[in-house]
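A short worksheet on the structure shown next.
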Amino acid sequence: MSEAYAIIAEKAGGPEVLVKKPLDLGKMKPEAGQVLLRHQAIGLNFIDIYHRSGLYKQDFPANLGCEAAGVIEAVGDKVKGFKAGDRVAIFTSKPGAYATHRIVDASELVALPDDISAETAAAVLLKGMTSWMLAEKCLAHAAIEGEAPKVMVLAAAGGVGSLLIPWLKYLGVTVFAHTSTEEKAAKVKANGADYVTTLPYSDLPDWVRKQNHGEGVHAVLDSVGADSWKSSIASLRKKGLWVVYGNASGPVPALSPLELSKAGSIYTSRPRLIDYVDNSVDLTTASQKLFALLRKNILKVEINQRFPLTEVAKAHQLLESRKTTGSTVLIP
């Protein structure tokens with residue numbers, strides 16, 4: 001039997017706090033409603049860095065990793081719809097995916113169709129369902145009247161951005177995109193964005209209006225946070241929607257509602273995916289829509305980095321320095 005282990009963060013800090021700890025499979029028995037899952041691929045996401053660094057408060061030592069795919073090895077009592085040998089994927093609010101094996105609640109599992117590989121699922125489930133939330137749920141609250149939506153996406157070459165842009169285009173949205181380098185900009189343009197720039201954030205409001213006949217956009221989908229928030233707000237038209245769904249540069253500082261009023265009565269939201277898929281119906285809806293768009297080739301999974309799970313610290317360094325594109329998977 002291959003080695004069983006987990007990667008944990010001993011304390012809040014940089015990638016150096018990640019250490020390998022052995023698992024005793026003999027003691028890992030699923031209880032009622034649970035399954036024992038053997039991971040075949042694990043997704044790497046920016047939220048993992050927030051957990052490791054302590055930005056998202058938790059107790060240490062801490063488990064990390066929110067999504068993975070693999071095979072069920074054992075089931076507890078009262079588990080319905082799943083059995084040993086089933087291929088599944090999981091996104092959960094309870095981190096712990098950085099492991100060869102894990103006990104999870106069966107209610108959080110997504111059945112994997114035969115045509116979706118474990119690597120694809122691990123690379124795309126969290127990012128893909130986040131794209132579903134942003135494109136199909138959050139934008140429903142934007143003040144868009146009588147015209148095609150116009151939306152700006154920040155960090156457009158990243159894991160979510162790579163899926164979000166074609167999803168938005170599928171829905172008929174005109175996409176304004178920002179990324180950090182000309183190389184990434186070329187990929188973003190090839191991915192379907194209508195307008196792409198690498199300008200400093202401070203120049204974004206003028207750039208948007210230059211491309212858009214003097215108007216701001218209906219919505220900004222912002223995963224950057226501290227460095228971008230002022231420009232995101234200033235890039236909106238009146239009654240626009242500012243969605244902050246990440247903190248790549250740090251959290252947005254405390255903000256008075258008057259700032260939103262002065263910017264043109266704009267709306268803001270700080271959504272969490274777990275609140276949009278907190279029941280089996282919505283979880284199934286989101287995952288099935290994601291898999292359907294993958295089959296239609298509307299969404300393409302771009303796994304540009306693969307690391308052994310034991311080299312996860314290196315993967316964190318690259319992700320945190322924004323030297324990755326597309327998705328990264330960890331292989332146990």
>> Which three extents, in angstrom, do the Cα atoms of region 1-119 have along their principal axes, listed largest first?
In response: 39, 31, 26
> So what is the accessible area of region 182-332 per residue, in Å², with the probe set to 1.4 Å?
Replying inline: 50
> Spin-label point model (7 Å from Cα, Cβ direction): what's the LEU199 to THR285 distance in nm?
Replying inline: 3.8
>> Rounded to whole Å, give me the distance from the Cα center of region 12-45 to that of region 57-124.
In response: 10
> Within region 73-195, what is the number of lysine pairs with alpha carbons under 24 Å apart, leaving out pairs fewer than eight places apart on the same chain?
Replying inline: 20
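Whenever you get a sec, compute what percent of the accessible area on region 247-332 sits on carbon and sulfur atoms (1.4 Å probe). Walk me through the intermediate numbers first.
Numbers: 2370 of 4640 Å².
The C+S portion of the solvent-accessible surface of region 247-332 is 51 percent.
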>> Looking at the chain as a GNM with Cα springs under 10 Å, which of LYS150, LYS184, LYS80 has the largest mean-square fluctuation?
In response: LYS80
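Shape verdict for the chain, please, from the Cα gyration tensor: rounded (a/c under 1.5), prolate (a/b greater than b/c) or oblate.
Details: a/c = 1.98, a/b = 1.70, b/c = 1.16.
It is prolate, given that a/c is not under 1.5 and a/b is the larger ratio.
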> Once Lys and Arg get +1 and Asp and Glu get -1 on their Cβ, which of TYR245, ASN191, LEU260 lies farthest toward the positive end of the dipole of the chain?
Replying inline: LEU260
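For region 177-316, what class follows from the C-alpha gyration tensor (a ≥ b ≥ c being the square roots of its eigenvalues): rounded when a/c is under 1.5, otherwise prolate if a/b is larger than b/c, else oblate?
Values: a/c = 1.56, a/b = 1.35, b/c = 1.15.
Taking the square roots of the gyration eigenvalues as a ≥ b ≥ c, region 177-316 is prolate.
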>> To check you understand DSSP bridge types, tell me what percent of the beta bridges within the chain (both residues inside) are antiparallel, rounded to 5.
In response: 55
>> Can you give me the C-alpha center-to-center distance between region 170-214 and region 138-166, rounded to a whole angstrom?
In response: 11
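The values are calculated or read from the model by the stated rules, or taken from the named source; none is laboratory data. No experiment lies behind these values; they were computed from the predicted model shown. Glycine gets a Cβ as well: all are built from the backbone with ideal geometry, and neighbour counts include every protein chain shown. Just the protein is used for accessible areas: all its heavy atoms, side chains included, with ligands, DNA and RNA removed. Shrake-Rupley method; radii C 1.70, N 1.55, O 1.52, S 1.80 Å.
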